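Notes follow the structure.
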Amino acid sequence: MSRWRPPAEKSSPYITAHGAAALRQELTELWQLRRRDVVPALSAAAAEGDRSENAEYIYRKKQLREIDRKIRYLAKRLDCVTIIDRAPPQRDTVYFGAQVQLQDGQGAVLNYRIVGADETSAPAHHISIDSPLARALLGRSAGDHVRAALPGGVAEYDIIAIDYPP
């Protein structure tokens, strides 16, 4: 069995100003804190002798490889994202960055914010603009009825309110 996987679909290049700042902060922390600690530990482990059986050396090398991979990803991602830092002219329609209040068929009220793929957070109720629910909501207005084909089946919602937080 092969370990090869097809490449993931490219996500939308949009991000909020807060999300871009968080990515920059993570990149800085990786460079200045984590990588700075791992390199000397790797050098010390390499100086201990036989590297083929040195668990510390193997672990530190793997750790450095993972940090460098994440740094490469963040640097490339920050180069290609488009920062959306203001609300659209039509504030009564769902677009990127919208905070949307929905009501499902059972009467439960749900709040979601549509953000970039790098900013998604289940606890904060931030959903990616690439998600099926966000795709179904885009371009809709308050009072509209929306059907979304979600992984768990088709779901129906009514849009109660739309807001664009600063």
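Bear in mind that the values in this text are calculations on the coordinates, not laboratory data. No experiment lies behind these values; they were computed from the predicted model shown. Ideal geometry is used to build each Cβ from the backbone, glycine not excepted, and the neighbour counts take in all protein chains shown.
Selection of segment 102-136 for residues being assigned to a loop (DSSP other than H, G, I, E, B), within 19 Å of the chain's Cα centre (by Cα) and either surrounded by 17 or more Cβ atoms within 10 Å (Cβ to Cβ) or at negative phi (or both) yields 116, 120, 122, 123, 124, 129, 130, 131.
Kindly evaluate residue 45 against the criterion of being among the aliphatic types (A, V, I, L, M) and within 15 Å of residue 162 (Cα to Cα).
No; evaluated as a whole, the condition is false for this residue.
Residue check: is residue 139 touching a strand residue (DSSP E or B) at 6+ places or on another chain (Cβ under 6 Å), over 30 Å from residue 27 (Cα atoms) and loosely packed, with under 13 Cβ neighbours inside 10 Å? No, not satisfied.
Take the residues in segment 1-48 that are of a type in the set (Gly, Ala, Ser) and assigned to a loop (DSSP other than H, G, I, E, B), then tell me which one is surrounded by the fewest Cβ atoms within 10 Å (Cβ to Cβ). Before the answer, list the steps.
At the first step, the residues of segment 1-48 found to be of a type in the set (Gly, Ala, Ser) are 2, 8, 11-12, 17, 19-22, 41, 43-47.
Add one more test, that the residue is assigned to a loop (DSSP other than H, G, I, E, B), and what stays is 2, 8, 11-12, 47.
Working: 2: 4, 8: 6, 11: 16, 12: 15, 47: 10.
Among those residues, the one meeting the criterion is 2.
Here residue 65 passes the criteria (1) part of a helix (DSSP H, G or I); (2) under 21 Å from the mean Cα position of the chain (by Cα); (3) of a type in the set (Lys, Arg) except the one numbered (2). Cβ separations smaller than 6 Å between residues 6+ apart or across chains give the following pairs from segment 38-53 residues that are charged (D, E, K, R) to residues that are in a loop (DSSP other than H, G, I, E, B): 48/54.
Being under 31 Å from the mean Cα position of the chain (by Cα) and of a type in the set (S, T, N, Q) is the filter here; which residues of segment 13-62 pass it? Correct list: 16, 25, 28, 32.
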